[in-house]
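Asker: Take this structure first; my questions come after.
We did not get these values from a lab; they are worked out from the coordinates using the rules stated. As the structure is a prediction and not an experimental result, all values here were calculated from the model. Backbone-built Cβ (ideal geometry, glycine too); neighbour counts: all protein chains shown.
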């Protein structure tokens, strides 16, 4: 049986730490007032979801966030559901049932005129992270800050090509590290060094598909980032470095959906102000 047929094994834990979803909302002018009046804040309170706008000590275990579109940049994958979204609502929990209940009840409250598009995924333990890489990439990473401090939110979904998933996990691992020629000269930075500038100033979160490769029409990875206004250019520079095949050979196997840039809002009503 091939690796693709049996489901890709990356050598990591199959434990699921968290379930998450982004509800992509395209709100017409005619529906704006009725949608704004929907009791989404009350639903979040009933499900004991903590607003990420004031996260407290790190990312809340049961969370909700409200994001209002600032701009969207198209990419290789056309995705009208994301590209046309005026707002995103993020919900996350260690309990799959909590996320499912929020999504279902929100759809009911918003009514038949609104059909949210869902981008879903899970968080698992890191796969390719030994002690040294943890110290480099995670020990000093920026934890989630209040929305007034890091108001920018970016969502960039990815799929990896069939050629990527045909590789065994050891080969895939090598793309995260720099590469050197026989004389010891670095010939490419790899994912980790290409992204180094963002470690201390960009909050990051990635949801993975529950199976890899993801089912047709779904993303393998839904990547989310937050940063301060002063760090937006640093973040965009990191994106440019990761898209540069010479610096990051992994990019040959990546296809991006639209880059959605929003602003973090304190409440559901804030999306419509």
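Asker: To the nearest 0.05, how large is the calculated FRET efficiency for residue 117 and residue 182 if R₀ is 45 Å and r is the Cβ-Cβ distance?
Answerer: 0.35
Asker: If you scale each eigenvalue of the Cα gyration tensor by 5 and take the root, what three semi-axes come out for the range 32-154, rounded to whole angstrom and sorted largest first?
Answerer: Those come to 28, 19, 16 Å.
Asker: Please compute the length gained on full extension between residue 167 and residue 255, using 0.36 nm multiplied by the number of residues separating them and subtracting their Cα-Cα distance.
Answerer: The residue 167-residue 255 span can extend by a further 30.0 nm.
Asker: A follow-up question, please. Given the C-alpha centroids of the range 141-182 and the range 84-99, what is the distance between them in whole angstrom?
Answerer: Cα centroid of the range 141-182 versus Cα centroid of the range 84-99: 21 Å apart.
Asker: As a footprinting exposure proxy, order 119, 43 by other Cβ within 10 Å, with the fewest listed first.
Answerer: Lowest count first: 43, 119.
Asker: Which three extents, in angstrom, do the Cα atoms of the range 174-273 have along their principal axes, listed largest first?
Answerer: Principal-axis extents of the range 174-273 (Cα, largest first): 59, 38, 18 Å.
Asker: Angle check, please: helix 232-243 long axis (alpha carbons) against the longest principal axis of the chain (alpha carbons), in degrees 0 to 90, nearest 10.
Answerer: 50 degrees
Asker: Next question. With Rg and the Kirkwood Rh both taken from Cα atoms, where does Rg over Rh land for the range 136-218?
Answerer: 1.03
Asker: Sorting 135, 52 on the 10 Å Cβ count, fewest up front, what's the list?
Answerer: 135, 52
Asker: Mind sorting 201, 24 by how few other Cβ atoms lie within 10 Å of their own Cβ, fewest first?
Answerer: Listed from fewest to most nearby Cβ atoms, that is 201, 24.
Asker: Per the Kirkwood definition applied to all pairs of different Cα atoms, how many angstroms is the hydrodynamic radius of the chain?
Answerer: Every distinct Cα pair counted, the radius reaches 19.6 Å.
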